[in-house]
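What follows is one structure encoded as structure tokens, with my remarks underneath.
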Amino acid sequence: MAVDGCTVAEAVAARWGDHRPGLWFEEQVLTQHEVAAGAAARAALLADLLPAGAVPHVGVLLDNTPEFPLWLGAAALAGAAVAGVNPTRRGAELARDIVHTECPVLVTERAHLPLLAGLELPGVRLLVTDEPEYGALLAPYLGASPDASRAAPADRILLYFTSGSTGAPKAALCSQGRLAAAGRSLAGQFGVRPDDVHYVCMPMFHGNAVIADWAPALVAGAGVALRRRFSASGFLCDVRRYRATYFTYVGRAVQYILATEPRPDDRDNPLRLGFGTEAGAVDAAAFEARFGVRLVEGYGSSEGGAAIQWSPGTPAGAVGRAAPGLVVLDQESGQECPAAVFDSGGRLLNGEAAIGELVNRAPNPFEGYWRNAAAEAERRRGGWYWTGDLFYRDAAGYLYFAGRTDDRIRVDGENLAAAVIENIVARYEGAEAVAVYGVPDPVTGDQVMATIAGRFEPLDFAEFLLAQPDLGTKMAPRFVRVVERMPVTATNKIRRAALRKEGVRCTDPVWWRPPGERTYRRLTPKEAEAWRPPRGAGGLPERPFRHAQ
């Protein structure tokens with residue numbers, strides 16, 4: 001049974017008495033009732049553990065184990081908030097995340113205890129879920145039943161860190177009302193039914209897994225199957241094992257799945273849909289051809305300030321039609337950019353003018369950052385929500401993603417969007433994953449550099465570029481770094497800042513096309529040294545582009 005309530009707590013409580021299977025993890029199966037009961041017990045425990053006057057936050061430093069959704073439910077019932085802690089962070093950065101979100105309680109597991117060793121975490125009490133003491137602490141509360149009356153739509157339920165390329169990550173806020181509304185919207189959009197099973201393989205400390213996967217399952221009464229950590233090789237096996245019908249993805253997850261060895265029975269699976277970002281049109285088509293599963297690419301600002309919904313009739317490569325209030329603005333003048341102009345081959349002809357920052361001038365549900373007024377003000381400039389993402393719009397009002405504002409590359413005075421070049425290079429047959437970014441030119445501006453995971457043949461690649469009708473004269477990569485595996489974050493997003501920082505002086509093979517030449521050859525150490533930027537240069541565009549979070 002679906003839930004129409006305004007809070008996450010109501011959706012959790014609605015599962016009480018529902019004895020259908022509701023949560024799968026490895027060999028463990030919990031009924032919907034057991035999930036609700038487990039959340040109620042943890043909510044009662046949390047109420048007793050929180051010091052008087054403390055901010056009602058609980059840090060969760062866990063892999064995707066049952067304890068994660070149980071504590072999400074517990075926080076909802078208790079009118080508290082979960083701060084998802086990224087286990088790939090280390091040392092002082094990890095301590096900063098926990099202290100910044102003011103979590104008097106931190107839920108973790110033995111595998112992550114080494115990460116916490118030696119950290120200064122004043123006033124933080126650890127609960128280690130796979131230690132005997134945890135079971136003993138929880139035992140007196142196991143008879144609790146879920147009570148949603150303590151929760152209100154405005155109560156915080158999530159603090160989730162944005163993956164900004166510069167500065168410390170910001171903890172975005174999400175209320176129970178917004179999370180419940182997002183769950184209802186996605187459940188309605190995709191027709192989620194109580195007999196569906198949502199496969200959660202993206203990390204739950206990230207907003208994608210909770211907002212786009214767990215929440216719609218919760219409000220629709222669907223089941224949830226957890227994968228401790230994403231595994232491309234284990235993906236199809238898990239989908240079949242749990243009879244999963246829906247999953248979400250971010251970053252390069254789809255590329256990694258496609259890179260696994262094809263099998264004749266790949267299309268024999270129960271999946272109906274995949275929903276996410278950054279798969280790209282080429283990989284989405286390949287995924288559907290191989291597995292018989294449609295991928296729906298969506299766009300939503302991590303903080304909730306802007307969203308674009310795909311609809312039938314959306315052109316290939318577009319995200320969806322602009323809703324009222326969504327505009328693409330030139331970052332210098334603040335004026336709306338002209339519509340994109342394409343040639344007969346689909347090449348964008350006026351990218352310099354058409355590409356700008358996506359801005360939402362309509363009312364929006366952005367709820368701010370925890371203890372970061374300056375970052376909030378930057379997002380809300382002029383009373384509008386500035387996404388920090390680059391887009392262009394066609395004459396029919398459809399929007400096309402062009403990258404982050406710090407992914408612009410300035411070559412010979414022309415501004416290029418890295419994402420546009422990346423989509424073209426991704427067509428190269430040997431490429432399993434591609435990242436495109438700018439590296440500083442020793443004189444002025446940038447040069448285009450690509451990192452390719454997979455097979456690379458210099459002559460073949462040069463011929464491939466010449467055959468691409470939408471590759472502008474400034475777009476061809478000057479440098480190509482070849483790696484066995486693309487470096488990614490815990491959420492499968494490419495570590496572009498690290499690649500950009502290393503530039504051409506890295507341990508991997510780098511090929512380059514010298515000025516005036518049409519083919520690629522290996523870059524020598526002497527040549528790499530010659531491309532060292534002048535002192536103080538950072539490879540940033542000359543225009544004052546806003547940084548995405």
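The values are calculated or read from the model by the stated rules, or taken from the named source; none is laboratory data. In this text the structure is predicted, and so the values were computed from the model without any measurement. Neighbour counts run over all protein chains shown; Cβ positions are idealised from the backbone, glycine included.
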Log entry, pairs with first residue in the range 283-295 being touching a residue at least 40 places away in the same chain (Cβ under 8 Å), second being surrounded by 17 or more Cβ atoms within 10 Å (Cβ to Cβ) and aromatic (Phe, Trp, Tyr), beta carbons closer than 8 Å, six or more apart or on different chains, reads Leu295/Tyr249; Leu295/Phe275; Leu295/Phe287
task = Could you tell me whether the range 453-464 includes any residue that is assigned by TED's automatic domain parsing to the domain that holds Pro514, under 29 Å from Arg229 (Cα atoms) and surrounded by fewer than 17 Cβ atoms within 10 Å (Cβ to Cβ)?
result = yes
Among residues of the range 419-442 being aliphatic (A, V, I, L, M) and in contact (Cβ under 8 Å) with a residue 60 or more places away in the chain, the residue farthest from Val319 (Cα to Cα) is Val439
Of the residues in the range 360-375 that are in contact with a Lys or Arg (Cβ under 9 Å, 6 or more places away or on another chain) and not aromatic (Phe, Trp, Tyr), the one that is nearest to Arg321 (Cα to Cα) is Pro365
The residue that is farthest from the chain's Cα centre (by Cα), considering only those in the range 258-272 that are under 15 Å from Asp238 (Cα atoms) and modelled with pLDDT of 95 or more, is Asp265
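Let's see how each residue does on (1) at pLDDT 95 or above; (2) outside any loop (DSSP other than H, G, I, E, B); (3) under 28 Å from the mean Cα position of the chain (by Cα):
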{"position": "Trp16", "(1), (2), (3)": "yes, no, no"}
{"position": "Ala39", "(1), (2), (3)": "yes, yes, yes"}
{"position": "Val58", "(1), (2), (3)": "yes, yes, yes"}
{"position": "Asn64", "(1), (2), (3)": "yes, no, yes"}
{"position": "Ala76", "(1), (2), (3)": "yes, yes, yes"}
{"position": "Val82", "(1), (2), (3)": "yes, yes, yes"}
{"position": "Thr88", "(1), (2), (3)": "no, no, yes"}
{"position": "Glu93", "(1), (2), (3)": "no, yes, yes"}
{"position": "Leu106", "(1), (2), (3)": "yes, yes, yes"}
Just one listed residue, out of Ala377, Ala340, is buried (at least 20 other Cβ atoms within 10 Å of the Cβ), more than 22 Å from the chain's Cα centre (by Cα), more than 23 Å from Gly84 (Cβ to Cβ) and not assigned by TED's automatic domain parsing to the domain that holds Val55, and it is Ala340
Exactly one of Ala220, Ala181 is over 25 Å from Ala44 (Cβ atoms), of a type in the set (A, V, I, L, M, F, W, C) and surrounded by 22 or more Cβ atoms within 10 Å (Cβ to Cβ), and that one is Ala220
